[in-house]
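The structure appears right after this line, and notes come after that.
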Amino acid sequence: MCEAIQQIREFLLQKTVGIAGAGGLGSNCAVALARTGVGHLIIADFDVLEVTNLNRQYYFRHQLGIPKVWALKNNINKIDPSINVDAHPILLTAENIPDIFRHCDVLIEAFDKAEMKQMIIETALSQWPDRPLIAASGLAGWGKTEEITIKRFGNFVLAGDDVSETGPWNPPLGPRVAILAGIQANLALEFLLKDFAFKKV
């Protein structure tokens, strides 16, 4: 098994994944991809870490007040210093997305706000219609695991229950957010490894 993991890692070290958002989805997804060996992560988010984020995001209390992308880069470097993380503490717009994520093999949408999700999805699909794009919708609350679905529209994939919007009495919580982040990371690997073949020795 160790040899298989090593071969997968060597293949993935040549790949680049962009992650738009470094919150619950983005931080957990980035860590999962880093642990698998994706060699280059491009992560963009303008937000700084607050104590209310710690219930679902891959950060630590001593990082409060730090831009999330910088804290996430530091955490990934502690897991595996060979992973190259480009951290962009910036508000993503339709104007800067094409430049920031231009070299990605796969792009992951990982924002909470519906308007940001729509902007990123529309921009990415118009810029790179043939590039895999993985988005999530409907991740708030707890339970209802069986309601999580994966919808495929060519290279555009949407995961979630497509219903559970975040609200004062329906907050995003760690387990359900982590499940969706894991699904997004797993879908990214599906695209990245589609041409992978083991070299049996």
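Side notes on the structure shown:
- Residues in the stretch 108-131 that are more than 17 Å from Asn155 (Cβ to Cβ), in a helix (DSSP H, G or I) and hydrophobic (A, V, I, L, M, F, W, C): Ala114, Met116, Met119.
- Subset of the stretch 134-169 [under 19 Å from Glu115 (Cβ atoms), modelled with pLDDT of 85 or more and part of a loop (DSSP other than H, G, I, E, B)]: Ser137
- Looking only at residues of the stretch 73-107 that are aliphatic (A, V, I, L, M), touching a strand residue (DSSP E or B) at 6+ places or on another chain (Cβ under 6 Å) and assigned to a helix (DSSP H, G or I), we find that the one that is surrounded by the fewest Cβ atoms within 10 Å (Cβ to Cβ) is Ile100.
- The stretch 30-55 - residue that is over 17 Å from Asn77 (Cβ atoms) and of a type outside the set (Asp, Glu) and, of those, surrounded by the most Cβ atoms within 10 Å (Cβ to Cβ): Ala44
- Pairs meeting the criteria (first residue in the stretch 41-65 and within 14 Å of Ala181 (Cβ to Cβ), second residue among the small types (Gly, Ala, Ser) and assigned to a strand (DSSP E or B), beta carbons under 6 Å, at least 6 apart or on different chains) are Ile43/Ala87.
- Some residue of the stretch 148-170 being charged (D, E, K, R), surrounded by fewer than 17 Cβ atoms within 10 Å (Cβ to Cβ) and without any contact (Cβ under 8 Å) to a residue 12 or more places away in the chain: yes
- In summary, Ala4 fulfils each of the numbered conditions (1) of a type in the set (A, V, I, L, M, F, W, C); (2) at pLDDT 95 or above; (3) farther than 28 Å from Leu173 by Cα with the single exception of condition (2).
The values are calculated or read from the model by the stated rules, or taken from the named source; none is laboratory data. What you are looking at is a predicted structure, and each value in this text was computed from that prediction instead of being measured. Neighbour counts run over all protein chains shown; Cβ positions are idealised from the backbone, glycine included.
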